[in-house]
Amino acid sequence: EAQVTQNPRYLITVTGKKLTVTCSQNMNHEYMSWYRQDPGLGLRQIYYSMNVEVTDKGDVPEGYKVSRKEKRNFPLILESPSPNQTSLYFCASSSGTSVGTDTQYFGPGTRLTVL
Amino acid sequence: DAKTTQPTSMDCAEGRAANLPCNHSTISGNEYVYWYRQIHSQGPQYIIHGLKNNETNEMASLIITEDRKSSTLILPHATLRDTAVYYCIVRSRNNAGNMLTFGGGTRLMVKP
């Protein structure tokens, strides 16, 4: 089944404790992206990747890191999480790499709470 | 990207067509109309997109007016599982990161 998986689905952690949220897709998609969703602020892009070893900042990259060493995986790293990073996180992937050709498939989400 | 205006909420009877309107009066020539939906706190789901012509796929139809200032998403036979928030988004070809930006959306409630 074609899908985007994220782990963990739920995480409660404390300020400053490094964490990684994994994202994996089995559709051989070139494009992958991370978003966070907060009430009243909608969906905001954190980082995106057009292909292996190619990553770039979205709208809200501060406090996050990503890597794209393999096509299928795009982990999101929080080196020193803070309470303002408490949010619902979504990973997405798409075969198309430009607007008009992209249909983004989303993972189920990771609900992160930083105390 | 151009701004969109959608009704806050709509109801639809199960089995009937759901027609969700979207106004995008400032759309420019290189901007696409996309529709996504999100069932409570689940990952958003792509529905359909178009540039000028009407489009249809297995999920829905997209009707874009000739002046492109508004569009309608049609779910031909709504089911209870179609209850979700529907987002109409206008996206430019110049969108460097292929970013999706959701506004308020329309909360569609399909009732038995």
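Counting only DSSP beta bridges with both residues in the protein assembly as shown, tell me the antiparallel percent, nearest 5.
The antiparallel proportion sits near 85 percent.
Could you check the spin-label model distance between B:K52 and B:T26? Points 7 Å from the Cα along Cα→Cβ, value in nm.
2.4 nm
Roughly how many whole Å is it from the C-alpha centroid of the stretch B:35-56 to that of the stretch B:67-112?
Computed from Cα coordinates, the inter-centre distance equals 5 Å.
Taking a cut-off of 16 Å between Cα atoms, list the lysines near B:K3, but don't count ones fewer than 8 places away on the same chain.
B:K69
Can you compute the charge dipole magnitude of the protein assembly as shown about its Cα centre, using +1 on each Lys and Arg Cβ and -1 on each Asp and Glu Cβ, nothing else charged? Give it in debye, rounded to the nearest 20.
The dipole of the protein assembly as shown has a size of about 460 debye.
Using a 10 Å cut-off around each Cβ of peptide A:51-63, what is the average number of partner chain Cβ atoms that fall inside?
1
For peptide A:85-97, how many partner chain Cβ atoms fall within 10 Å of a residue's Cβ, on average?
What the average comes to for A:85-97 is 1.
Below 8 Å, C-alpha to C-alpha, sequence gap of six or more: please give me the relative contact order for chain B in percent.
37 percent
Obtain the nm distance between the two label points defined at A:K17 and A:N73 by a simple spin-label model: each point lies 7 Å from its Cα along the Cα-to-C-beta direction.
2.2 nm
So which lysines can A:K17 reach, going by Cα to Cα under 19 Å and dropping same-chain residues fewer than 8 places off?
List returned: A:K65.
Mind checking the mean number of beta-carbon atoms from other chains within 10 Å of the Cβ atoms in B:100-109?
For this peptide, the per-residue mean of nearby foreign Cβ atoms is 3.
For a quick check: with amide H placed at 1.01 Å from N, whose amide H comes under 5 Å from B:A78's, ignoring anything fewer than 5 positions away on the same chain?
B:G15, B:R16, B:A17, B:A18
Say R0 is 22 Å: what FRET efficiency, to the nearest 0.05, do B:I39 and A:T113 get from their beta-carbon distance?
So, using R0 = 22 Å, E works out to roughly 0.50.
If you bin every alpha carbon distance in the protein assembly as shown into 10 Å steps from zero, what whole percent lands in each bin?
Per 10 Å bin, starting at 0, the Cα pair percentages come out as 8, 33, 34, 20, 5, 0.
No value in this document is a laboratory result; all are computed from the given coordinates. Worth saying up front: this structure is predicted, and the values here are computed from it rather than measured. Glycine also receives a Cβ, built like all others from the backbone with ideal geometry; neighbour counts cover every protein chain displayed.
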